[in-house]
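A.B. asks: Quick one: the structure is below, questions incoming.
The values are calculated or read from the model by the stated rules, or taken from the named source; none is laboratory data. The shown structure was predicted, so the numbers you read here are calculated from the model rather than taken from an experiment. Quick reminder, even Gly has a Cβ in these numbers, built from the backbone with ideal geometry, and neighbours come from all protein chains shown. The accessibility values were calculated without ligands, DNA or RNA, using every heavy atom of the protein model including side chains. Shrake-Rupley method; radii C 1.70, N 1.55, O 1.52, S 1.80 Å.
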Amino acid sequence: MSLIEVEDLRVAFPKAGVQAVRGVSLSIAEGECVAIVGESGSGKSVTARTLVGLTGPGATVTAGRFSVKGRDALRFGQRGWRRLRGRFAGLVLQDALVSLDPLRRVGDEIAEVLAAHDVVPRAGRAAKALELLEAVGVPEPELRARQYAHQLSGGLRQRALIASAIAADPPLLIADEPTTALDVTVQAQILRLLAARKAQGTALLMISHDLAVVSSIADRVLVMKDGVVVEEGPTARVLSDPDDDYTKLLLAAVPSAASRGTRLSAIATGGVSLRTPLPERKVDHGSPVVEVSRLCAAYGPRKVVDDVSFEVHAGETVGIVGESGSGKTTVARLVLGLMTPVSGQVRLNGTPWSTVSERERRPRRSSVQLISQNPLDSFDPRYTVGRLIAEPLGGPSRERRDRVAELLARVGLPADLMTSHPRRLSGGQRQRVAIARALAPQPQVLVCDEPVSALDVSIQAQVLDLLGEIQAADGTALIFISHDLGVVHHISDRVLVMRDGQVVEDGHVDEVFFLPKHDYTRELLGAVPKLVSAEL
Amino acid sequence: MSTLTLTRRRGLAAAGWAGPVVRRLGAGVAVLWAAATAAYLALLLVPGDTVDVLIADGVDTPERRAQIITEWGLDRSQARQYVDYLVRLLHGDLGRSYVLQRGVGDLLATQVGPTIRLALTAAVFGVVLALVLALTTAGRRSWFGGLAGMSELVAVSMPPFLVGLLLLAVFSFTLGWFPVSGDRGFVSLVLPAVALGLQISGVLGQVLREGLERALEEPFAVTARSRGITERRLVAGHALRHALLPAVTLTGWFVGVLFGGAIIVEAVFGRPGLGQLTLSAVTGKDMPVVMALILLSAVVYVTVSTIVDLSYLLIDPRLRRSG
């Protein structure tokens with residue numbers, strides 16, 4: 001029997017004038033794993049939340065059929081839904097740091113489910129919470145139960161969140177982007193934990209923007225776009241032989257070793273999918289633009305960068321990979337001259353950079369520019385797009401208008417965006433504005449710190465293509481920091497693998513990723529979820 | 001701080017309390033010292049001979065002058081005078097009012113009680129009313145919520161003396177339910193407390209409701225709902241604590257409103273208290289009393305803000321980290 005059966009589900013938010021879900025049909029059988037994949041705004045999360053009656057205030061839900069455990073869910077009142085939540089379906093959201101109540105102890109959060117459904121008598125709840133923590137692989141459960149979410153590592157608190165979702169032993173677990181905020185090795189652990197739940201007979205509904213993440217675990221995949229399911233089928237079939245153009249686009253947009261030197265966005269569709277090459281770029285193997293030698297840096301007593309050396313030539317891309325806390329961003333700050341190294345130095349164009357005074361550095365700052373993960377945070381919220389881009393040129397003026405328009409055109413944005421405020425732009429547009437601003441002073445080096453991590457895969461493809469074009473045209477040197485090995489393999493010539501502030505391995509990207517010498521590199525590569533059809 | 005070091009420590013230190021508590025108490029002492037020094041400087045900076053200033057409108061006799069010179073050590077060096085003054089304060093000696101011919105400590109002791117009673121009653125009234133309003137209306141788009149919002153706005157914009165006069169007009173002069181003035185037990189406390197507490201309940205109610213509504217939209221609220229708990233439990237167990245944080249921040253401001261407002265309300269209702277004392281001390285240029293009042297308000301503020309900061313630590317475990 002199906003746990004949930006929905007036909008022609010429609011969810012609208014009339015006040016906002018949004019039709020989030022427009023006719024989705026879905027069924028989940030006992031013990032089955034169904035995945036919904038789509039980009040932001042596709043309606044995948046709204047669909048998932050509607051299944052537990054948590055669509056949110058102001059939503060209207062209609063469906064041809066909406067049965068939960070064989071009962072008509074359209075007639076459920078608040079009380080009816082409450083009985084099902086936690087007991088029939090557990091919900092796991094992304095980022096347990098905010099999805100667990102930050103002001104409450106982890107153990108109390110888990111016990112709350114037990115209390116709500118009176119699964120265990122009051123006296124036994126604390127013990128049961130410990131048992132659950134242990135079951136999801138949290139070591140030292142007695143200690144962890146007494147701690148708060150912020151005191152646990154990302155992986156541990158995600159496990160704790162899962163423990164709270166499965167506490168009342170529901171036959172269905174709904175996981176909305178359960179691994180999105182996590183490092184790749186931790187992501188692999190959480191996916192294994194979910195797979196183990198499935199093996200024990202729990203049905204799973206996985207929501208993700210990442211096809212690769214769900215491909216290892218899902219029996220069936222639904223691809224959603226603009227509130228509609230565009231493709232549905234067994235995971236292997238959808239990934240290897242997609243019918244729908246959008247699915248093909250999504251698959252082709254995933255950067256990997258195979259996509260090096262080619263465009264990720266706007267591939268030819270309709271039967272044949274051919275990758276078009278990016279313009280040729282020349283690497284100047286003469287003297288390097290950036291020379292980093294034996295760099296060490298510390299925050300107080302804590303050493304965060306330890307003996308790091310590398311060079312970047314004009315036109316070249318050097319990737320830096322590593323998990324959170326490995327020192328990647330500190331390297332970026334050092335190269336940008338925003339932090340003083342404890343020892344070692346950074347040289348720019350063969351002259352000292354990190355060791356000179358700020359007064360000497362300032363006139364040369366225009367040659368090193370930053371593109372960050374979250375451009376909105378790097379914009380003054382009161383500035384218009386035009387003013388943001390004009391600022392590195394010396395402030396907005398009539399004469400600089402043309403130059404700003406030119407820069408906007410280079411990043412593929414219309415000139416009339418100049419008067420807009422960045423908050424009103426989409427994520428992809430914002431990152432383009434950030435790139436235009438970085439390009440304004442005609443830099444020799446672009447430091448990109450997770451520049452595409454917050455973007456949907458199709459937008460990520462466009463931004464990566466744009467960076468490739470810029471590099472080919474200007475011969476800019478790129479330092480590209482990312483936790484995503486596929487992205488780094490796609491864009492980089494050479495790569496540094498960092499761990500605990502040290503470079504454990506470096507070399508040509510193919511060499512490092514295909515023939516890793518260091519155990520940690522192997523561990524990282526092994527943890528990356530594989531897409532069956534990555535070589536498309 | 002890593003979770004590892006956290007497991008190794010015990011007691012206050014283990015919970016990450018020790019550092020913030022010590023820092024906060026140290027800062028409190030420093031502020032009190034600064035206030036004492038400011039009061040002392042005020043005395044020195046008032047134009048004229050210090051003895052004249054201290055006597056003010058009091059009876060001016062050679063004996064009185066000699067007494068002041070010995071009591072304040074005015075025949076000694078400036079530095080010595082200042083140190084003696086601080087030592088006297090540390091012993092709890094606030095000096096004498098030469099206008100009223102009484103010890104300042106005694107004066108305060110008789111006047112502080114009624115004011116504290118008034119302020120506390122007003123605070124309790126304000127907080128309870130705010131909580132009731134916020135809890136019954138948060139997240140509900142009903143006519144009642146709109147009405148509550150409106151009346152909060154009215155409460156915020158009405159100065160206490162106006163509320164006091166209106167209350168007097170209705171409940172004392174017209175209905176005769178409450179006494180018009182004086183201090184005769186709880187009955188005479190009701191109207192002044194309402195006049196004083198209404199403004200607090202307006203602001204606090206708005207802040208609490210906004211905090212509740214924001215907390216109810218956070219991801220953890222979705223998670224909590226997905227566990228099948230009732231909306232009431234969600235508010236009591238999760239959202240209220242989050243809503244308290246911004247409300248607690250306002251406590252310092254409340255104290256200002258309460259004590260500032262008390263001066264006016266005490267005048268309107270003819271009640272004894274610090275308000276009356278402050279008025280007469282300032283108009284009569286009674287420096288020893290003014291200095292003591294400066295110190296008293298510093299003590300109140302330091303105590304309240306220390307309690308506020310420590311209650312942050314109690315409410316929000318994320319702040320307890322720096323050890």
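A.B. asks: Rounded to whole Hz and in sequence order, give me ³J(HN,Hα) for segment A:469-484 from the Karplus expression 6.51 cos²θ - 1.76 cosθ + 1.60, θ = phi - 60°, writing x for Gly and Pro.
C.D. replies: Those phi angles translate into 5, 4, 5, 5, 6, 9, x, 6, 7, 10, 10, 10, 9, 7, 8, 8 Hz.
A.B. asks: How much net charge surrounds residue A:289 when only the other residues with a Cβ under 10 Å from the Cβ of residue A:289 are counted, with Lys and Arg +1 and Asp and Glu -1?
C.D. replies: Working: positive: A:347; negative: A:284, A:291, A:311, A:316.
Around residue A:289, the surrounding residues sum to -3.
A.B. asks: Please state the relative contact order of chain B as a whole percent: Cα pairs under 8 Å, 6+ residues apart?
C.D. replies: Relative contact order for chain B comes out at 28 percent.
A.B. asks: Under 5 Å between amide hydrogens, which residues at least 5 positions from residue A:307 or on another chain qualify, with H placed 1.01 Å from N in the peptide plane?
C.D. replies: Under 5 Å from the amide H of residue A:307: A:295, A:296, A:297.
A.B. asks: Output the direction-averaged projected area (hull surface divided by four) of the convex hull of the alpha-carbon atoms of chain B, in nm². Can you show the working numbers first?
C.D. replies: On the way: hull surface 89.8 nm².
Answer in nm², one decimal: 22.5.
A.B. asks: Are there any trypsin sites (Lys or Arg not before Pro) in segment A:375-420 that are in a DSSP loop and have at most 14 other Cβ atoms within 10 Å? List them by number.
C.D. replies: In loop regions of segment A:375-420 (DSSP not H, G, I, E or B), the sparsely surrounded trypsin sites (Lys or Arg not before Pro) are A:382, A:398.
A.B. asks: Right, another one. Quick check for you: which residues of segment B:270-296 have the amide N under 16 Å from the point 7 Å beyond the Cα of residue B:52 toward its beta carbon?
C.D. replies: B:285-287
A.B. asks: Could you run the numbers on buried accessible area between A and B, total for both chains, 1.4 angstrom probe, in Å² to the nearest 100?
C.D. replies: 2500 Å²
A.B. asks: For chain A, count the residues as N, evaluate 2.2 N^0.38 Å, and divide the Cα radius of gyration by that value, please.
C.D. replies: My calculation over the Cα atoms of chain A gives 1.04.
A.B. asks: What are the ³J(HN,Hα) couplings of segment B:201-206, residue after residue, when phi is run through the Karplus curve with 6.51, -1.76, 1.60 and θ = phi - 60°? Round to Hz, x for glycine and proline.
C.D. replies: 5, x, 5, 4, x, 5
A.B. asks: Quantify, in whole percent, the carbon and sulfur part of the accessible surface of segment A:234-370 (1.4 Å probe; protein heavy atoms only).
C.D. replies: In segment A:234-370, the share of accessible area belonging to carbon and sulfur is 53 percent.
A.B. asks: Among the chymotrypsin sites (Phe, Trp or Tyr not before Pro) in segment A:331-399, which ones are in a DSSP loop with at most 16 other Cβ atoms within 10 Å of the Cβ? Mind listing them?
C.D. replies: Answer in residue order: A:383.
A.B. asks: Between residue A:402 and residue A:423, what FRET efficiency follows from the Cβ-Cβ distance if R0 is 35 Å, with the result rounded to 0.05?
C.D. replies: 0.85
A.B. asks: Quote the relative contact order of segment B:19-104 in percent (integer), defining contacts as alpha-carbon pairs under 8 Å separated by 6+ residues.
C.D. replies: 23 percent
A.B. asks: Express as a percent, rounded to the nearest 5, the fraction of DSSP beta bridges in segment A:414-536 (both residues included) that run antiparallel. Don't skip to the answer; put the middle values down first.
C.D. replies: Working: 6 of 11 bridges.
The antiparallel fraction comes to roughly 55 percent.
A.B. asks: Something else now. How fast does segment A:315-404 diffuse by Stokes-Einstein, in µm²/s, taking the Kirkwood radius from C-alpha pairs at 10 °C and 1.306 mPa s?
C.D. replies: Taking Rh from Cα pairs, D becomes 102 µm²/s.
A.B. asks: Debye sum, Cα scatterers, segment B:186-323, no solvent: what log₁₀ I/I(0) at q = 0.18, 0.20 1/Å?
C.D. replies: Here log10 of I(q) over I(0) equals -1.07, -1.18.
A.B. asks: Starting from the Kirkwood radius over alpha-carbon pairs of segment A:1-42, derive D by Stokes-Einstein at 10 °C in a medium of 1.306 mPa s and give it in µm² s⁻¹. All intermediate terms of the calculation are to be shown ahead of the outcome.
C.D. replies: Numbers: Rh = 12.0 Å.
D = 133 µm²/s.
A.B. asks: How much mean residue ellipticity at 222 nm does chain A get from its helices, if each DSSP H run of length 4 or more adds -39500 (n - 2.57) and you divide by all residues, to the nearest 500 deg cm²/dmol?
C.D. replies: -9000 deg cm²/dmol
A.B. asks: For segment B:220-323, state which trypsin sites (Lys or Arg not before Pro) are in a DSSP loop and have at most 16 other beta carbons lying within 10 Å of their beta carbon.
C.D. replies: For trypsin sites (Lys or Arg not before Pro) across segment B:220-323 that sit outside H, G, I, E and B with at most 16 neighbouring Cβ atoms in 10 Å, the list reads B:285, B:321.
A.B. asks: Which percent of the accessible area of chain B is formed by carbon and sulfur heavy atoms (probe 1.4 angstrom)?
C.D. replies: On chain B, the fraction of accessible area on carbon and sulfur atoms equals 69 percent.
A.B. asks: Nearest 5 is fine: what % of DSSP beta bridges in the protein assembly as shown come out antiparallel, could you say? Write out the running numbers ahead of the final one.
C.D. replies: Working: 48 of 86 bridges.
Antiparallel bridges: around 55 percent, rounded to the nearest 5.
A.B. asks: How much area per residue is accessible in chain A when the probe is 1.4 Å and only protein heavy atoms are counted (Å²)?
C.D. replies: Heavy-atom SASA per residue in chain A reads 42 Å².
A.B. asks: Which longest uninterrupted range of chain A lacks any GluC sites (Glu not before Pro) assigned by DSSP to a loop state (not H, G, I, E or B) and surrounded by at most 13 other Cβ atoms within 10 Å?
C.D. replies: It runs A:31-279.
A.B. asks: Still on this structure, please answer the following. Considering only the other residues whose Cβ falls under 15 Å of the Cβ of residue A:49, what net charge follows from Lys and Arg at +1 and Asp and Glu at -1?
C.D. replies: +2
A.B. asks: Roughly what would the spin-label model give for residue B:282 and residue A:1, points 7 Å off Cα along C-beta, in nm?
C.D. replies: Simple spin-label model gives 7.7 nm for this pair.
A.B. asks: Counting only other residues whose beta carbon sits under 12 Å from that of residue A:316, what net charge do I get with K and R as +1, D and E as -1?
C.D. replies: Here the charged neighbours net out to 0.
A.B. asks: Over segment A:28-169, what number does the Rg to Rh ratio reach, with both radii from the alpha-carbon atoms and Rh per Kirkwood?
C.D. replies: That ratio is 0.99, to two decimals.
A.B. asks: For helix A:106-116, report the angle its Cα long axis makes with the longest principal axis of the Cα atoms of chain A; keep it between 0 and 90° and round to the nearest 10°.
C.D. replies: 30 degrees
A.B. asks: Per residue and in cubic angstrom, what volume does the convex hull of the Cα atoms of segment B:19-104 have?
C.D. replies: 107 Å³
A.B. asks: If you don't mind, there's one more thing I want to ask. Hey, any idea what the orientation-averaged projected area of the convex hull of segment B:113-283's Cα atoms comes to, in nm²? The partial results should precede the final answer.
C.D. replies: Values: hull surface 44.7 nm².
The number I arrive at for segment B:113-283 is 11.2 nm².
A.B. asks: Okay, helix-only estimate at 222 nm for chain B: each DSSP H run of n ≥ 4 adds -39500 (n - 2.57), divide by all residues, round to 500 deg cm²/dmol; what do you get?
C.D. replies: -23500 deg cm²/dmol
A.B. asks: List the residues of segment A:76-93 for which accessible area in the full set of protein chains is at least 20 Å² lower than for the chain on its own; 1.4 Å probe, protein heavy atoms only.
C.D. replies: In segment A:76-93, residues shielded by partner chains: A:82, A:85, A:91, A:93.
A.B. asks: What angle do you read, to the nearest 10 degrees and between 0 and 90, between the alpha-carbon axis of helix B:287-315 and the longest principal axis of chain B?
C.D. replies: 20 degrees
A.B. asks: Round to a whole number: what % of the accessible area of segment A:2-223 belongs to carbon and sulfur, probe 1.4 Å?
C.D. replies: Answer for segment A:2-223: carbon and sulfur cover 47 percent of the accessible area.
A.B. asks: For segment B:224-238, list whatever residues lose no less than 20 Å² of accessible surface once every protein chain is in place, relative to that chain by itself, with the probe at 1.4 Å.
C.D. replies: B:225, B:226, B:227, B:228, B:229, B:230, B:233, B:237, B:238
A.B. asks: Further question: Taking amide H positions as placed 1.01 Å from N in the peptide plane, with prolines and chain starts having none, which residues 5 or more places from residue A:90, or on another chain, fall under 5 Å of its amide H?
C.D. replies: Result for residue A:90 returns A:172, A:173, A:174.
A.B. asks: Per residue, how large is the accessible surface of chain B? Use a 1.4 angstrom probe and give square angstrom.
C.D. replies: Result: 49 Å² per residue.
A.B. asks: Does any residue of segment A:125-173 lose at least 50 Å² of accessible area with all protein chains in place compared with its chain alone, and if so which ones (probe 1.4 Å)?
C.D. replies: By number: A:150, A:151.
A.B. asks: Shifting gears a bit: Which is the longest run of chain B containing none of the chymotrypsin sites (Phe, Trp or Tyr not before Pro) found in DSSP loop states (not H, G, I, E, B) with at most 13 other C-beta atoms within 10 Å?
C.D. replies: B:1-176
A.B. asks: Holding the Cα-Cα limit at 30 Å, pick out from A:328/A:530; A:15/A:44; A:15/A:225; A:198/A:517; A:69/A:530 the pairs that are longer than that. Show your work: numbers first, answer last.
C.D. replies: Working: A:328/A:530 24 Å; A:15/A:44 20 Å; A:15/A:225 22 Å; A:198/A:517 35 Å; A:69/A:530 34 Å.
Pairs exceeding 30 Å: A:198/A:517; A:69/A:530.
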